[in-house]
1. Residues in the stretch 393-401: is at least one out of contact with any Pro (no Cβ under 6 Å at 6 or more places or on another chain), farther than 30 Å from D293 by Cβ and assigned to a strand (DSSP E or B)?
2. Considering the stretch 383-405 alone, what residues qualify as being closer than 14 Å to D42 by Cβ and not aliphatic (A, V, I, L, M)?
3. How many residues does the stretch 39-61 hold that are at pLDDT 95 or above and either open to solvent by 60 Å² or more (accessible area, probe 1.4 Å) or β-branched (V, I, T) (or both)?
4. In the stretch 340-368, which residues are hydrophobic (A, V, I, L, M, F, W, C), closer than 25 Å to K258 by Cα and modelled with pLDDT of 95 or more?
5. Could you list all residues from the stretch 73-84 that are modelled with pLDDT under 95 and open to solvent by 70 Å² or more (accessible area, probe 1.4 Å)?
6. Among the residues of the stretch 90-119, which ones are among the hydrophobic types (A, V, I, L, M, F, W, C) and open to solvent by 30 Å² or more (accessible area, probe 1.4 Å)?
7. Against the condition touching a residue at least 12 places away in the same chain (Cβ under 8 Å), over 22 Å from K183 (Cα atoms) and out of contact with any Phe, Trp or Tyr (no Cβ under 9 Å at 6 or more places or on another chain), how does Q236 come out, does it pass?
8. Y185 is checked against (1) within 30 Å of L282 (Cα to Cα); (2) touching an Asp or Glu at 6+ places or on another chain (Cβ under 9 Å) and fails just one. What number does that condition carry?
Amino acid sequence: MGAPGLPACRLVFAAVLVMNSLSLAAAEWSASPALSVRAQYDDNVSMRSTNVLSSAGYSVAPILNLDGRDDDWKLNMRTVLRSTRYSDLDNSDSDNYFFNLGGGYNTETQQFGLDTSFTRNNTYDTDYDTQLPGSQLVDDRTERETTLISPFWQWQMTETGTLLFSLSSQDVEYDEVTSLNYKDYQLDSALIKNTWNLTSRSQLGFSVQYQTYASEKSPFTYQGESYNDYTEFENQIYRLEYAYLISEQSRFDISTGKRRTTTTFHDQPTTCLSALGPFCLLYEIDDVEVADDGVDLSLNFSHSNEVSSFQVSLSRMVQPASFGGAQELDKIVLQHEYSWTERIKSSLLLEAYETTSIDGLDVVNDRERYRIEPRLIWKLTKDLRLDFTYRHISQTFTQSDVDSQSNTYLIGLHMAWPKLLSTF
């Protein structure tokens, strides 16, 4: 794993490269600050099944969006700082940040781009857009830093054919771990995708993706020899993709394919070389490899008109587990928004997912999780809105059949100053 501070240095270096490559003097720029403040009450902050802890709290989040563009390029930077405090819970307060930088350079037939992000978040966060994959797995709060760097290149080969090549490197480091052994890890990926426009409304594509994962090494000594206990996996995915524009308001996308995930557990006790009754006195230390084949699936449908929007998505994919190894994620999400008047809008979010360890390493944390989240938004002025949210989350650990649930009530005020400084 990288040294502390290295992820931030990488992002700064990437930003400098992008900025130096652009003609900044002739560009158009805008700065759009915003501020979100909310009060909340959660009847089970740590998602415990027993000894439930409830608390009131608040969050303050200043936001800054910077945009730049020219005839050939564009650049966007978004920074969110979020401070959360609970009134009567130990080790529950957090100061988190979300930094995203993206940009692209266009020619007549090609596009070069770079997306980067640096996030520090915690396992108490249950916001749909920012929650961690391991959110509310354990009773105590744990901090996680995630760095992502993803360059891409897109080539318009013909009037109907496009080729996309992208790379991705994600570095995850856990901090303030209190109860369980979270695993730092590195996840790298390469993707090649070819798409063809069949008609003005339909598109066909084929993609190949290759991912590699490696967890942090845990050194140990056995029988005078030095070893490193860690996990690696390789994931190969082949997808066939189809998109159809049903109408100007409706769209359908499907991606289906096969994956093969090969996991290697390094320096594990395997064969017993010497035993005394039921007890093994001496093990052989060796690598153990497990292979798993499965389906990779993504299905999306969206519809929108002047007053409402609706979207449903189903997916099955492989992702890193919080405690090492790989897990399969089955997920369904429904989102609906409706504008009752020019000032009042409501939304509903329904989510359900199930995680399954595919290498046997993290089966104790396999779980089912459900979310129901209605929201009412009142637009006070053009750039000031008030929203009321109710959030219900329930989960079951499938192996132990342990249930828990939480109910959160939130009142938020969002203020924006769009294009406070702008040359557009």
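1. The answer is yes, given that some residue of the stretch 393-401 is out of contact with any Pro (no Cβ under 6 Å at 6 or more places or on another chain), farther than 30 Å from D293 by Cβ and assigned to a strand (DSSP E or B).
2. Across the stretch 383-405, the qualifying residues are T389, Y390, R391, H392, S394, S404, Q405.
3. Matching residues across the stretch 39-61 total 3.
4. A352 - this is the single residue of the stretch 340-368 that is hydrophobic (A, V, I, L, M, F, W, C), closer than 25 Å to K258 by Cα and modelled with pLDDT of 95 or more.
5. Selection gives K74 alone.
6. Across the stretch 90-119, the qualifying residues are F99, F112, L114.
7. no
8. Status for Y185: all satisfied but (1).
The values are calculated or read from the model by the stated rules, or taken from the named source; none is laboratory data. Please read these numbers as outputs of a predicted model, since none were measured by experiment. Quick reminder, even Gly has a Cβ in these numbers, built from the backbone with ideal geometry, and neighbours come from all protein chains shown. Remember, those area values only see protein heavy atoms, side chains included, never the ligands or the DNA or RNA. Shrake-Rupley method; radii C 1.70, N 1.55, O 1.52, S 1.80 Å.
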